[in-house]
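Remarks on the structure that follows.
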Amino acid sequence: MNRPNLDINEIPSPGKWLTLSLQHLFAMFGATILVPYLVGLSPAIALISSGLGTLAFLIITKWQVPAYLGSSFAFIAPIIAAKASGGPAAAMIGTFFAGLVYGIVSLIIYKAGYKWIMNLLPPIVVGPVIVVIGLALAGTAVGMAMNDPVTGKYSLLHFSAALVTLIATIIFTIYGKKMLSLIPILAGIVVGYIYSVIIGIVDFTPVMKASWFEMPDFIIPFVDYKINITLDIILLMVPVAVVTLSEHIGHQLVLSKVVGRDYIKEPGLHRSILGDGTATMISALIGGPPKTTYGENIGVLAITRVYSVYVLAGAAVVAIIFGFVGKVTALIGTIPSPVMGGVSILLFGIIASSGLRMLVDSKIDFGNNRNLVISSVILVIGIGGAFIKVSDEFQIQGMALAAILGVLLNLILPGREKNVDLFSLNNDEADTRNDVA
């Protein structure tokens, strides 16, 4: 393994520190602001909550794990559904409880070890659910790409902006070098935005009116809404934690390989999961989307070999500052829906493909009827949008229902193999089995 340019606790010079932190900020920026854009939350709050969540994560992991936490795509559909049923308050309450699940799992792992969770979440369950996350959002992406956001009808002009964005993002993803290879999403959005300006579908009026300093639209419990916990909200949001927990474990394995430390043992999987859950709860308390560790930023660490946690902390601080800059928030708001739709087509497809990759890398045998049944039920229930509704207060919808059924089928159906202990695998094999970013 090559010697790091900056190790975990090394502090760079001020100028270099800012540059390296901005690089991490740009790596997560496009995806982190896309989530609130899609679900109708504030991008400014998403930036602030990602910064606060990252700092909380670094503290909880004893300043040993260099990770950045951004907005989670897994919760897009549940947040939209929660907002439709109970407004932003319902989404925030559900988000808080999803983070609370992380805390409970962390405590159990601390007491009982980690093997039980891998038996509960094998690839045959997690892989198809990840596919559902991507494909269930396909209609949203295509609708944003093809339609005029004002009239809601098909517009070739707007669709052209989506296609330009999509093509640019693909080019940067495949052929990007150096910095561009780290930020293909952000670079694609910039190209699509410039094209949108040229064809006249961008309105700069909000940017001109915005102040440099503006207080973001925080959504605070007991101040902006009353706490009304319903079983419907919990069942809508909490089961998605099944997927994000698996994603978190995969990221920790990959990060351990990149940095050359065993983060499962020290500071421990329980600490990193607690940090992730705490970040999500902090986000819920101020009106932001759920959080997750970001594969994009792990990629930055691998390429630069700069592992300093202070660089990640610097990125977090800059993200918080950006959230209070009114001009930046207003500029984000002027990005046309077709531009976000264009980049979403690729992103949601990549999410679905990541689920397929997990199944392939894990050598799942679909000649085995047991595996065929589990994956088939998850895919159709999740993508088809099936739900169980006993009353207005008791509903299990779409992705949540698919995840629950997947776990139950895996536990109930005969022929379940003992799960492979992923933490005993060699680094390369662990990488391919678990990188579901």
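At a glance:
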{"item": "Where ILE298 falls short, out of the listed (1) under 17 Å from the mean Cα position of the chain (by Cα); (2) surrounded by fewer than 21 Cβ atoms within 10 Å (Cβ to Cβ)", "result": "(2)"}
{"item": "Single residue of the range 207-226 satisfying the filter (assigned to a loop (DSSP other than H, G, I, E, B), open to solvent by 100 Å² or more (accessible area, probe 1.4 Å) and of a type outside the set (A, V, I, L, M, F, W, C)) that is farthest from LEU47 (Cα to Cα)", "result": "LYS226"}
{"item": "Of all residues in the range 246-263 being among the hydrophobic types (A, V, I, L, M, F, W, C) and modelled with pLDDT under 85, the one that is farthest from the chain's Cα centre (by Cα)", "result": "VAL258"}
{"item": "Checklist (1) open to solvent by 10 Å² or more (accessible area, probe 1.4 Å); (2) at pLDDT 90 or above; (3) among the hydrophobic types (A, V, I, L, M, F, W, C); (4) under 15 Å from GLY341 (Cα atoms) applied to ALA138, failing item", "result": "(2)"}
{"item": "Selected residue (criterion: farthest from the chain's Cα centre (by Cα)) from residues of the range 188-206 that are open to solvent by 80 Å² or more (accessible area, probe 1.4 Å) and free of Cβ contacts under 8 Å to residues at least 24 places away in the same chain", "result": "ILE198"}
{"item": "Some residue of the range 81-94 being closer than 29 Å to VAL223 by Cβ and either assigned to a strand (DSSP E or B) or of a type in the set (D, E, K, R) (or both)", "result": "yes"}
{"item": "Among residues of the range 12-35, those that are modelled with pLDDT of 85 or more and either under 27 Å from ILE219 (Cα atoms) or open to solvent by less than 20 Å² (accessible area, probe 1.4 Å) (or both), counted", "result": "4"}
{"item": "Search result, residues across the range 278-321 that are within 18 Å of PHE218 (Cα to Cα), aliphatic (A, V, I, L, M) and in contact with a strand residue (DSSP E or B) (Cβ under 7 Å, 6 or more places away or on another chain)", "result": "ALA279, LEU285"}
{"item": "Enumeration of residues in the range 257-280 that are open to solvent by 10 Å² or more (accessible area, probe 1.4 Å) and touching a helix residue (DSSP H, G or I) at 6+ places or on another chain (Cβ under 7 Å)", "result": "LYS257, VAL258, ASP262, ILE264, HIS270, ARG271, LEU274, THR278"}
{"item": "Conditions (1) touching a His at 6+ places or on another chain (Cβ under 8 Å); (2) over 17 Å from ALA315 (Cβ atoms); (3) of a type outside the set (Asp, Glu): number failed by ALA67", "result": "(2)"}
{"item": "Failed item in (1) open to solvent by less than 10 Å² (accessible area, probe 1.4 Å); (2) in a helix (DSSP H, G or I), with PRO289 passing the rest", "result": "(2)"}
{"item": "Residue match in the range 301-311 (condition: part of a helix (DSSP H, G or I), open to solvent by 10 Å² or more (accessible area, probe 1.4 Å) and modelled with pLDDT of 90 or more)", "result": "yes"}
{"item": "Residue, least open to solvent (accessible area, probe 1.4 Å), within the range 82-134, restricted to residues that are over 25 Å from SER50 (Cβ atoms) and free of Cβ contacts under 8 Å to residues at least 40 places away in the same chain", "result": "GLY113"}
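Residue by residue, here is whether (1) crowded, with 24+ Cβ neighbours inside 10 Å; (2) in contact with a Pro (Cβ under 8 Å, 6 or more places away or on another chain) holds:
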residue: TYR37; (1), (2): no, yes
residue: PRO43; (1), (2): yes, yes
residue: THR54; (1), (2): yes, no
residue: ILE60; (1), (2): no, no
residue: PRO66; (1), (2): yes, no
residue: PHE75; (1), (2): yes, yes
residue: ILE80; (1), (2): no, no
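The values are calculated or read from the model by the stated rules, or taken from the named source; none is laboratory data. All values derive from a computational prediction rather than experimental measurement. Neighbour counts are summed over all protein chains in view; Cβ atoms, including those assigned to glycine, are modelled from backbone coordinates with ideal geometry. Protein only, heavy atoms only, side chains kept; ligands, DNA and RNA dropped before computing areas. Shrake-Rupley method; radii C 1.70, N 1.55, O 1.52, S 1.80 Å.
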